[in-house]
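**Student:** There's a structure below that I have some questions on.
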Amino acid sequence: MNFLLLCTGSPSKHLVQAIQKAGHTYEVHEPTDLYLFVSKSESGFDQIYNGGATLEEPVKLQAKSYHAVISRIGANLPHGASILRHLTENLGIYCAQTPDGLETASNKLKTTQRLSTRGLKVPQTVYAHDPRHINFLIKKVGGLPAVAKLLQGSQGKGVFLLETPLAANTALESFYKLSTNLKIQKMIKGGGKDIRAIVVGDQVAVAMERTANKGDFRANISQSGSGRKVELSEADKKICVEAAQAVDLRFAGVDIMKDESGATYVIEVNGNPGTKIIDITGHNYFISLIDFVAKRVQKIQGSSSVNSSSASAQQAGTVTAYNAYTQESRTMTAAEFSSLQHDGWTTQSYASSQKQSPLGENKIEVIDYYSGSIVLMTETEFREQERKGGHYKRKANY
């Protein structure tokens, strides 16, 4: 297989080694070097060009020559996400990360909101553009000390501790005057430790416990913290996978913390996880990523047809699809749906208003209590799921 590495800067040696070890090839492209072109044709013909500074003329990239995109976008994410969207949605090249997922993960508030809607435990959080009632906001997160975070930032940057009323008032007033938004969260007493888990598909590839440097509450390795490889419980693995899926990423770094009672909180989801975890644990998670993507692409290419709904959609050029993980619905090109159909996207949903089964049996709304999504099934199907010990409950009883 041939991979397009959409990278800010040079790709990690670990990623290159994983690709070469699997016998694949790759090309590296910096997002800011690429020009996208949207055709006026209703049949598509959208294109993308390499406009690198060393080229006399832009060179058209042949979309069909790439089996998948591996995104490693750091700086200038809005532009990088636009390029990734063009590659995946317009040109139909598979990627384990969606542009919307990357943009959600880059926004700490949006991530917290999305995690909460998926039923995942997050620290108590408040956000206000103009925080006039500071005492009220601090009380809502359990009082001081509390943690304040800029909405964008990684590696522990833009995260600071509010320990006293004076510090809280001064900080919030200063950031308000600078028109800088931030969120405030309850401080989880985890002994200065957290866990970074790398999620690939529906598995945790590797996990590392991080311990904060003496005198610092941030456990990030980039902030001089230390780390060691750990094995997560099945419950925590499930939480990490669901957190990545909640923001529509099949490859992500998920940060969790445990409080004094042992309860697990999801702190953040990182769409561009660092590689120090590889150096510390000795586990190259890119090997897992390349294997996952290769199998997913083979599965997509092996599908003789999407299904009867998408077959007609291909003739029309678009299809209305639904995401079982995020409960999002939107219209997309047939090419995009073809690349996403094995990542939670389907043309079947209760939102399609198909209240009757082909046999005329009424359908009922049930809740998948693993994902939180609402599904339509017949009474017969529901009873069969109950018999098998399935994870569905009637919506009325949930």
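The values are calculated or read from the model by the stated rules, or taken from the named source; none is laboratory data. The model shown is predicted, which means the values in this text are computed figures rather than measured ones. Using ideal geometry, Cβ is built from the backbone for each residue, glycine included, and neighbour counts are taken over all protein chains shown.
**Student:** Name the one entry in K40, K64 that is in a loop (DSSP other than H, G, I, E, B) and without any contact (Cβ under 8 Å) to a residue 60 or more places away in the chain. Give the derivation first.
**Tutor:** Working: K64 fails: in a loop (DSSP other than H, G, I, E, B).
Matching residue, one of K40, K64: K40.
**Student:** In region 25-66, which residue that is in contact with a helix residue (DSSP H, G or I) (Cβ under 7 Å, 6 or more places away or on another chain) and under 18 Å from P11 (Cα atoms) is modelled with the lowest pLDDT?
**Tutor:** Residue satisfying both the conditions and the ranking: G52.
**Student:** In region 254-263, what residues are out of contact with any Phe, Trp or Tyr (no Cβ under 9 Å at 6 or more places or on another chain) and buried (at least 20 other Cβ atoms within 10 Å of the Cβ)? Quick ask: steps written out before the conclusion?
**Tutor:** Start the filter on region 254-263 by keeping residues that are out of contact with any Phe, Trp or Tyr (no Cβ under 9 Å at 6 or more places or on another chain), which leaves 254-255, 260-263.
Passing the criteria: V254, D255.
**Student:** Then there is this: Identify, from the list K110, K149, the residue that is of a type outside the set (V, I, T), assigned to a strand (DSSP E or B), surrounded by 14 or more Cβ atoms within 10 Å (Cβ to Cβ) and at pLDDT 85 or above. Working first, answer last.
**Tutor:** On the way: K110 fails: assigned to a strand (DSSP E or B).
Testing whether each residue is of a type outside the set (V, I, T), assigned to a strand (DSSP E or B), surrounded by 14 or more Cβ atoms within 10 Å (Cβ to Cβ) and at pLDDT 85 or above leaves just K149.
**Student:** Sticking with this one: Answer yes if at least one residue in region 81-91 is not aliphatic (A, V, I, L, M) and not in a helix (DSSP H, G or I), and no otherwise. Break it down into steps so the answer makes sense when it comes.
**Tutor:** Step one: of region 81-91, the residues not aliphatic (A, V, I, L, M) are 82, 85-86, 88-90.
Then drop every residue that is not not in a helix (DSSP H, G or I), which leaves none.
No, region 81-91 contains no residue that is not aliphatic (A, V, I, L, M) and not in a helix (DSSP H, G or I).
**Student:** Give the number of residues within region 192-205 that are free of Cβ contacts under 8 Å to residues at least 60 places away in the same chain and either in a loop (DSSP other than H, G, I, E, B) or in contact with a His (Cβ under 7 Å, 6 or more places away or on another chain) (or both).
**Tutor:** Residues of region 192-205 free of Cβ contacts under 8 Å to residues at least 60 places away in the same chain: 192, 197, 199, 202, 204.
Of the ones still in play, those that are also either in a loop (DSSP other than H, G, I, E, B) or in contact with a His (Cβ under 7 Å, 6 or more places away or on another chain) (or both) are 192, 202.
Summing the residues that are free of Cβ contacts under 8 Å to residues at least 60 places away in the same chain and either in a loop (DSSP other than H, G, I, E, B) or in contact with a His (Cβ under 7 Å, 6 or more places away or on another chain) (or both) in region 192-205 gives 2.
**Student:** What is the one condition in (1) assigned to a loop (DSSP other than H, G, I, E, B); (2) over 22 Å from the mean Cα position of the chain (by Cα) that Q20 does not satisfy?
**Tutor:** (1)
**Student:** Tell me, which residue of region 153-194 that is among the polar types (S, T, N, Q) and surrounded by 14 or more Cβ atoms within 10 Å (Cβ to Cβ) is nearest to the chain's Cα centre (by Cα)?
**Tutor:** My answer is S154.
**Student:** Any chance region 89-110 includes a residue that's of a type in the set (F, W, Y) and either under 17 Å from the mean Cα position of the chain (by Cα) or closer than 23 Å to V266 by Cα (or both)? Spell out the reasoning first.
**Tutor:** Start the filter on region 89-110 by keeping residues that are of a type in the set (F, W, Y), which leaves 94.
Then keep just the ones that are either under 17 Å from the mean Cα position of the chain (by Cα) or closer than 23 Å to V266 by Cα (or both); that gives 94.
The answer is yes, given that some residue of region 89-110 is of a type in the set (F, W, Y) and either under 17 Å from the mean Cα position of the chain (by Cα) or closer than 23 Å to V266 by Cα (or both).
**Student:** Regarding K183, is this residue free of Cβ contacts under 8 Å to residues at least 60 places away in the same chain, assigned to a strand (DSSP E or B) and touching a Phe, Trp or Tyr at 6+ places or on another chain (Cβ under 9 Å)? Lay out the reasoning, then the answer.
**Tutor:** Values: free of Cβ contacts under 8 Å to residues at least 60 places away in the same chain: no; assigned to a strand (DSSP E or B): yes; touching a Phe, Trp or Tyr at 6+ places or on another chain (Cβ under 9 Å): yes.
In short, no.
**Student:** Would you point out the residue of region 115-133, among those that are in contact with a strand residue (DSSP E or B) (Cβ under 6 Å, 6 or more places away or on another chain) and within 18 Å of T264 (Cβ to Cβ), that is surrounded by the most Cβ atoms within 10 Å (Cβ to Cβ)?
**Tutor:** Just the residues of region 115-133 that are in contact with a strand residue (DSSP E or B) (Cβ under 6 Å, 6 or more places away or on another chain), to begin with: 115, 120-127.
Those left that are additionally within 18 Å of T264 (Cβ to Cβ): 115, 120-125.
Values: L115: 25, L120: 20, K121: 13, V122: 20, P123: 20, Q124: 14, T125: 20.
The extreme case among them is L115.
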